[in-house]
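Take a look at the structure set out below.
The values are calculated or read from the model by the stated rules, or taken from the named source; none is laboratory data. Just so you know, these numbers come straight off a predicted model, no measurement behind them. All Cβ positions, even for glycine, are placed from backbone atoms using ideal geometry, and neighbour counts span all protein chains on display.
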Amino acid sequence: MVLPSLLVLLSACGGSMAAAVARSTTPRARDGTCTTILQRRAWHTFTDEEKRAYIDAELCLMAKPATLGLKGTKNRFEELQWTHQHQSNIVHNVGAFLPYHRLLMWAHEKLLREECGYQGAQPYWDEARDAGKFSTSDVLDPVTGFGGNGVGERGCIVDGPFVNFTNSLGPGYRIGEDHCIYRFVNDNISRQAARSFIDECYRHTTFARFWPCAEGSPHSGGHGGVGGKMLDPISSPGDPVFYLHHTWLDKVWWDWQALDLPARLTDISGRNTPGGGGFGGFPGGGNGTNPGFPWGNGTFPGGPGGGNPWRNVPFQDMVPPADAPGPEGDPGNVTTLTHILKMYGVVPDATIADVMDVRGSLLCYEYVDA
Ligand SMILES: [Cu+2]
């Protein structure tokens, strides 16, 4: 009796299966398609050879010409960055914050592997390990890492493999102004990456409470601890360290999901446009339309606000341009599983449902604890 009805169900679904690949509306079941699971490990556990392979692939992405016609982009690395800059107003301070950045990390890993011959997985920065001492982190090693702190008024990095990279997206929404990768490493701010802040977030049992907590200190600690380009809420993916930072944050989210998978593989909520009167603790306020980080306790020096654009993104450069996109795919201003994560051709768009499980049929990776 069960079998015939199952067959009917399967054949009824058959026609839409292909179309559903890119746009699930429910989390993809663990259907067995995720068999080659990429093991995402901490940067400090990489051998020098593994570090070199990753950095070489990143340099390859930076050298590959842009192909998508996204305004102002010169290379594939900037195309990834563009998806973040262009829709910054709908991927921060909203329910889609963690899902979008999860997809962006995956897209980055995919490009490194498929276009630049990288055979490993996306590494993460174990920021809790380096909290309070970012300046001596393996990640910022001038020889085997991403280069160290910046120097001078502009804070341009002066060593490491990315010293010659010229980025043309940012500060803020600006495009077409070539600049170096710049950093103002701040060990004091990096204390906000400590394990205690993450543990605090893990006390929350709903995504509605967990997400703003995660977007707070563990997230801001990494951005503020590196500073400079990383402290630009809109164009921060111009510093390749961004991908190690947000893969760490993705691990923080996944580890939280894994504490109660039956509930948390589908738990999504939040608003679709940043609201609530701007940013909590945002130095200098906020008008409710600027995208940005939740600065939390207002202790971040050099956040958006004014002055030197390389230290502080001026408010006028934080205002979304006229062509900034709005949210799509939800019935209202509440983030749901059908919310569309836009990737502008870098990889196909996906829904939040597509990225809820890191071992689903779109994503296929796992995190190895350091
Ligand atoms: Cu971001």
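Structural remarks
- Picking from residues in region 44-75 that are without any contact (Cβ under 8 Å) to a residue 60 or more places away in the chain and more than 30 Å from ALA131 (Cβ to Cβ), the one that is surrounded by the most Cβ atoms within 10 Å (Cβ to Cβ) is ASN75.
- Residue count, region 74-104 (criterion: assigned to a helix (DSSP H, G or I) and in contact with a Leu (Cβ under 9 Å, 6 or more places away or on another chain)): 19
- Candidates GLY176, GLY160 - the one that is part of a strand (DSSP E or B) and either more than 16 Å from the ligand (Cβ to nearest atom) or touching a Phe, Trp or Tyr at 6+ places or on another chain (Cβ under 7 Å) (or both): GLY176
- Wholly within region 196-281, helices (runs of 4 or more DSSP H) carrying at least 2 residues that are of a type in the set (D, E, K, R): 207-215, 241-258
- Cβ pairs under 8 Å, 6+ apart, first in region 92-113 and over 12 Å from LEU362 (Cβ atoms), second of a type in the set (Val, Ile, Thr) and within 12 Å of the ligand (Cβ to nearest atom): ALA96/ILE90; PHE97/VAL91; TYR100/VAL91; HIS101/VAL91; LEU104/THR83
- Selection within region 226-265 - closer than 28 Å to THR206 by Cβ, within 15 Å of the ligand (Cβ to nearest atom) and small (Gly, Ala, Ser): SER236
- Count - residues of region 105-147 that are surrounded by fewer than 20 Cβ atoms within 10 Å (Cβ to Cβ) and either on the phi > 0 side of the Ramachandran plot or not in a helix (DSSP H, G or I) (or both): 9
- The lone exception for ASP187 - which of (1) within 27 Å of TYR173 (Cα to Cα); (2) surrounded by fewer than 23 Cβ atoms within 10 Å (Cβ to Cβ) it fails: (1)
- Here the condition is being farther than 15 Å from ALA96 by Cα, hydrophobic (A, V, I, L, M, F, W, C) and modelled with pLDDT of 85 or more; of VAL334, VAL319, VAL355, it holds for VAL319 alone.
- In region 156-168, the residues that are loosely packed, with under 15 Cβ neighbours inside 10 Å and among the polar types (S, T, N, Q): ASN164, THR166
Rundown of residues vs (1) crowded, with 20+ Cβ neighbours inside 10 Å; (2) within 30 Å of PRO262 (Cα to Cα), yes/no style:
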site	(1), (2)
ARG154	no, no
TYR182	yes, no
ASP199	no, yes
ALA208	no, yes
